[in-house]
Amino acid sequence: MQRIGIYEQLITQVIKQNLNRDQFYVGYRQFESAKAPTWL
């Protein structure tokens with residue numbers, strides 16, 4: 001089970017509320033934690 005910290009939850013919530021989905025494509029994929037800095 002993967003746990004998500006409070007910081008990640010808050011950032012995700014802010015992005016979901018403010019992201020203009022008409023202008024940006026939002027896709028989901030899994031990636032290795034070592035590659036997270038590259039993607040983020």
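Throughout, read-outs are computed from the coordinates displayed, never taken from laboratory work. Since this is a predicted model, take the numbers as computed values, not measurements. Heads up, the Cβs are rebuilt from the backbone with ideal geometry, glycines too, and the neighbour counts pull from every protein chain shown.
For the chain, the spread of Cα positions along the three principal axes, ordered from largest to smallest, is 31, 21, 18 Å.
Applying the criteria of a DSSP loop state and at most 15 other Cβ atoms within 10 Å to the trypsin sites (Lys or Arg not before Pro) of the chain yields ARG3, ARG21, ARG29. Legend: ranking of residues TYR25, TYR7 from fewest to most surrounding C-beta atoms inside 10 Å; resulting order TYR25, TYR7.
Ordering PHE24, PHE31 by the number of other Cβ atoms within 10 Å of each residue's own Cβ, fewest first, gives PHE24, PHE31. Among residues other than GLN9 with Cβ under 15 Å from its Cβ, the summed charge is +1 (Lys and Arg +1, Asp and Glu -1).
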